[in-house]
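The values are calculated or read from the model by the stated rules, or taken from the named source; none is laboratory data. Just so we're clear, the structure is a prediction, and the values are computed from it rather than from any experiment. Ideal geometry is used to build each Cβ from the backbone, glycine not excepted, and the neighbour counts take in all protein chains shown. Just so you know, the surface numbers come from the protein's heavy atoms only, side chains and all, with ligands and any DNA or RNA stripped out. Shrake-Rupley method; radii C 1.70, N 1.55, O 1.52, S 1.80 Å.
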Amino acid sequence: PYTAKVRSMLSYKRLPFTDVVPSAMQLRLTVKPAVGRVIMPAVRLGDGSWRQDSALICDEVERNHPDRPTRPPGATQRLAASLLELHADEWLPMVALHYRWNTGNADWAVSEFGRCAFPMLPSLIASRLAQPGGD
């Protein structure tokens, strides 16, 4: 959900970007050294610097590109929008994870994770490597 949030904001603001689905190797060799851990979303800016954390990325985009604002103008509306964003960022992922893993989507999710993380491997091996590590 966090990558979609950043992607949606960049699209809404009509800012050019390249959406990359990183492989496991790219996450380890590029993203981790740049931001300190294997995580998404991570954004590499034009100057070569990196940002991680969707809320911080969106705040910076809003500051640097105020055209087509995504925040309401009034203080009360901004507070309400911030509370909704906090709720969406902190609580809705739990619902998403439930539906990903507990409603018949687990096999599809594992196969997609394997396809993205290990694009050069046969799907059976990639899916096996992408299996969740714990119960």
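Could you name every one of the helices (runs of 4 or more DSSP H) located completely within the range 55-135 that has at least 3 residues being modelled with pLDDT of 85 or more and open to solvent by less than 60 Å² (accessible area, probe 1.4 Å)?
Qualifying helices (runs of 4 or more DSSP H): 75-90, 106-117.
If you check MET9 against the conditions, is it farther than 22 Å from ALA117 by Cβ, of a type in the set (A, V, I, L, M) and in contact with a Cys (Cβ under 6 Å, 6 or more places away or on another chain)?
It is true that MET9 is farther than 22 Å from ALA117 by Cβ, of a type in the set (A, V, I, L, M) and in contact with a Cys (Cβ under 6 Å, 6 or more places away or on another chain).
Pairs under 6 Å by beta carbon, first residue part of a helix (DSSP H, G or I) in the range 23-44, partner among the aliphatic types (A, V, I, L, M) and crowded, with 17+ Cβ neighbours inside 10 Å, six or more apart or different chains?
Pairs found: ALA24/ALA117; VAL31/ALA42; VAL35/ALA42.
Of all residues in the range 1-22 being without any contact (Cβ under 8 Å) to a residue 12 or more places away in the chain and among the polar types (S, T, N, Q), which is most open to solvent (accessible area, probe 1.4 Å)?
THR18
Could you please find all residues in the range 53-94 being hydrophobic (A, V, I, L, M, F, W, C) and under 16 Å from the mean Cα position of the chain (by Cα)?
First, pick out the residues of the range 53-94 that are hydrophobic (A, V, I, L, M, F, W, C): 55-58, 61, 75, 79-81, 83-84, 86, 88, 91-92, 94.
Those that are hydrophobic (A, V, I, L, M, F, W, C) and under 16 Å from the mean Cα position of the chain (by Cα): ALA55, LEU56, ILE57, CYS58, VAL61, LEU86, ALA88, TRP91, LEU92, MET94.
Take the residues in the range 24-50 that are within 12 Å of the chain's Cα centre (by Cα) and not β-branched (Val, Ile, Thr); name whichever of them is surrounded by the most Cβ atoms within 10 Å (Cβ to Cβ).
Among them, the one singled out is ALA42.
If you go through the range 38-52, how many residues are modelled with pLDDT under 90 and within 25 Å of GLU85 (Cα to Cα)?
4
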